[in-house]
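Take a look at the structure set out below.
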Amino acid sequence: MSLATAPAKVILLGEHAVVYGHPAIAMPFPALQARAEARAAERSSLRSERYPETVAFLDEAVTGELAPATEALRGAFEALERLGSTQPLALVLKSDIPAGAGLGSSAATAVACVRAAFGAHGREAPAALVRAIATRAEAIAHGASSGLDPAAVCAEAPIRFVRAHAPVPLTLRAAMGIVIALSDAPSATGPMVAQVGERQQHEAGAREALVQLGELSDQGAELFEKGELAELGGLMDRAHALLASLGVSTPALDTLCRAAREAGAWGAKLTGGGGGGCAVALCPLELLEPVTAAMGAAGASHVWPAQYLLERKQER
Ligand code: PMV
């Protein structure tokens, strides 16, 4: 049996802008994990504890919730076959990453599947191959995707990401607290990407907002590398305002961000596609509890606090 995992992800700056070739900053969020177990079997299949009534067989057409992970597995099997490994595998998925929250659930699931399939053959899947396979699977989950989610869930550290380029790792210079809070509605990545696409075609102001979001990512990467996290938080506040001007925030996300700032967070913004989903707050470690409590009291249905420490990437 082979067990593999992949973490959730959170976008600190640059969502939507990244679709148009501007930079973004994202990082793994290891407090939430997708896990895949692979076992030798007669016939290759995929099941998920989240959808217990469904079994996807890889030699049949698969639609619905398991389609993206099945596509990732097919990619892994093709790569393994080229290496001479043809043993059929049965995979089981377990994940504590909520689906439709903008936390990279589908990308993490795809990555865990690919890693588990390679692990079952005693091999380690090469990182670039995992990213490429997961990016193709994401296209099934969300339509065209920038590739940011697969890059972030594969990363060991925060990354600066530009579409179609290898991600560049950023070094954490100061400890920080991150709070992710789920709003009252699921994220609507596909419709929000389409809406922003429409607006940037017709409105110079929307194109300018996307350019500014990309510039915030570049400034943010510099501040991150200097450990100037309070200033980075300020950029997140500005990014939230720009995203709201593009129409992808909601009153619930605005309320969560305001509550986090009032509790002392350095900054807060919606994270991911928007239209629902999550807000993320960046705060000093000593304010993790009050910021978490404030976002919970402001209507979040779930709140996940995490410490990012210098010696280890992250601890709960
Ligand atoms: O909603 P999420 O977490 O899948 O993030 C989407 C990020 C976008 O920039 C809006 C789209 C993309 O493909 O990068």
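The set of residues in segment 1-26 being near the ligand (Cβ under 7 Å from one of its atoms) and assigned to a helix (DSSP H, G or I) consists of V18, V19.
For R136, the criteria (1) modelled with pLDDT under 95; (2) outside any helix (DSSP H, G or I); (3) basic (K, R) hold in every case but one, which is (2).
Among the listed residues G119, G21, G104, identify the single one that is on the phi > 0 side of the Ramachandran plot and either crowded, with 17+ Cβ neighbours inside 10 Å or among the basic types (K, R) (or both). Break it down into steps so the answer makes sense when it comes.
On the way: G119 fails: on the phi > 0 side of the Ramachandran plot; G21 fails: either crowded, with 17+ Cβ neighbours inside 10 Å or among the basic types (K, R) (or both).
From the options G119, G21, G104, the qualifying one is G104.
When the helices (runs of 4 or more DSSP H) confined to segment 200-284 are screened for residues that are touching a Pro at 6+ places or on another chain (Cβ under 6 Å), those reaching at least 2 such residues are found at 204-226. For segment 243-259, a residue qualifies if it is without any contact (Cβ under 8 Å) to a residue 40 or more places away in the chain and surrounded by fewer than 21 Cβ atoms within 10 Å (Cβ to Cβ), and the qualifying residues are A244, P251, D254.
When A56, A72 are checked against the criterion of being surrounded by 18 or more Cβ atoms within 10 Å (Cβ to Cβ) and over 21 Å from the mean Cα position of the chain (by Cα), A56 stands alone in meeting it.
When I178, I133 are checked against the criterion of being in contact with an Asp or Glu (Cβ under 9 Å, 6 or more places away or on another chain) and either away from the ligand (no atom under 13 Å from the Cβ) or without any contact (Cβ under 8 Å) to a residue 60 or more places away in the chain (or both), I133 stands alone in meeting it.
Select from segment 143-161 the residues that are more than 11 Å from the ligand (Cβ to nearest atom) and not in a strand (DSSP E or B) and write down the one among them that is surrounded by the fewest Cβ atoms within 10 Å (Cβ to Cβ). Step by step, filter segment 143-161, then rank; the result is E156. If the condition is being away from the ligand (no atom under 16 Å from the Cβ) and part of a helix (DSSP H, G or I), then segment 78-109 contributes E78, A79, L80, E81, R82.
None of G220, G299, G272 is more than 15 Å from I180 (Cβ to Cβ), small (G, A, S) and either away from the ligand (no atom under 16 Å from the Cβ) or crowded, with 23+ Cβ neighbours inside 10 Å (or both) except G220.
The values are calculated or read from the model by the stated rules, or taken from the named source; none is laboratory data. Keep in mind it's a predicted model, so treat the numbers as computed, not measured. As a convention, Cβ positions derive from the backbone with ideal geometry for all residues, glycine included, and neighbour counts pool all protein chains shown.
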